[in-house]
Amino acid sequence: GLTRAMALDHGPENIRVNVVCPGPVDTPMLRNAWTRMHPGRSMPELLAELVPVGYVGRAEEVAEMITFLAGSRSGFVTGGEFKIEGGVSARYSIAPRP
């Protein structure tokens, strides 16, 4: 909601507002957290099973989206939510049927 409100407020000033929402990305922070929570289990392979595209994201993939949104080729893009998470939200946002 904040992203959309700011896009509306600042559009007349030619200021674009978007949000990037990364999912599981292979970073030292994620690896450290995984090791503490799941000792002895390999993070990339096990976590990749939960991601529909079959692998854990790379920081470069998130950076590419941010670079695109900051560039001139996205001049008409504002108020958007960009999930960079390999389809995780599509898989887990479906409510189970009774």
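The values are calculated or read from the model by the stated rules, or taken from the named source; none is laboratory data. The shown structure was predicted, so the numbers you read here are calculated from the model rather than taken from an experiment. Backbone-built Cβ (ideal geometry, glycine too); neighbour counts: all protein chains shown. Accessible surface is based on the protein model in full, side chains and every heavy atom, while ligands, DNA and RNA are left aside. Shrake-Rupley method; radii C 1.70, N 1.55, O 1.52, S 1.80 Å.
Could you list, in sequence order, the residues of segment 36-53 that are more than 18 Å from SER93 (Cα to Cα) and at pLDDT 85 or above? Reasoning before the result, please.
First, the residues of segment 36-53 that are more than 18 Å from SER93 (Cα to Cα): 36-46.
Scanning segment 36-53 gives ARG36, MET37.
Applying the selection to segment 3-26, what residues are within 22 Å of ALA90 (Cβ to Cβ) and either in contact with a helix residue (DSSP H, G or I) (Cβ under 6 Å, 6 or more places away or on another chain) or open to solvent by less than 90 Å² (accessible area, probe 1.4 Å) (or both)? Write out each step before concluding.
At the first step, the residues of segment 3-26 found to be within 22 Å of ALA90 (Cβ to Cβ) are 3-4, 18-26.
The answer is THR3, ASN18, VAL19, VAL20, CYS21, PRO22, GLY23, PRO24, VAL25, ASP26.
Filter segment 65-84 down to residues that are touching a residue at least 12 places away in the same chain (Cβ under 8 Å) and open to solvent by less than 30 Å² (accessible area, probe 1.4 Å) and give me whichever is farthest from the chain's Cα centre (by Cα). Break it down into steps so the answer makes sense when it comes.
Narrowing segment 65-84 to residues touching a residue at least 12 places away in the same chain (Cβ under 8 Å): 65-66, 69, 74-75, 77-84.
Going one step further and asking which of them are open to solvent by less than 30 Å² (accessible area, probe 1.4 Å), we end up with 69, 74, 79-80.
Details: LEU69: 13, SER74: 18, GLY79: 16, GLY80: 12 Å.
Taking the candidates together, the pick is SER74.
Considering each of SER89, SER42 in turn, give the residue that is open to solvent by less than 90 Å² (accessible area, probe 1.4 Å), in contact (Cβ under 8 Å) with a residue 60 or more places away in the chain and among the polar types (S, T, N, Q). Outline the logic, then answer.
Numbers: SER42 fails: in contact (Cβ under 8 Å) with a residue 60 or more places away in the chain.
Going through SER89, SER42 in turn, just one is open to solvent by less than 90 Å² (accessible area, probe 1.4 Å), in contact (Cβ under 8 Å) with a residue 60 or more places away in the chain and among the polar types (S, T, N, Q): SER89.
Filter segment 54-91 down to the residues that are modelled with pLDDT of 95 or more, part of a helix (DSSP H, G or I) and of a type in the set (Val, Ile, Thr) and list them by number.
Once the filter is applied, which keeps residues that are modelled with pLDDT of 95 or more, part of a helix (DSSP H, G or I) and of a type in the set (Val, Ile, Thr), segment 54-91 yields VAL62, ILE66, THR67.
Take the residues in segment 47-64 that are open to solvent by 50 Å² or more (accessible area, probe 1.4 Å) and among the hydrophobic types (A, V, I, L, M, F, W, C); name whichever of them is nearest to ASP26 (Cα to Cα).
So the first thing to find is which residues in segment 47-64 are open to solvent by 50 Å² or more (accessible area, probe 1.4 Å), and the list is 49-50, 52-53, 55, 58-60, 64.
Those left that are additionally among the hydrophobic types (A, V, I, L, M, F, W, C): 50, 53, 59.
On the way: LEU50: 14, VAL53: 14, ALA59: 7 Å.
Among them, the one singled out is ALA59.
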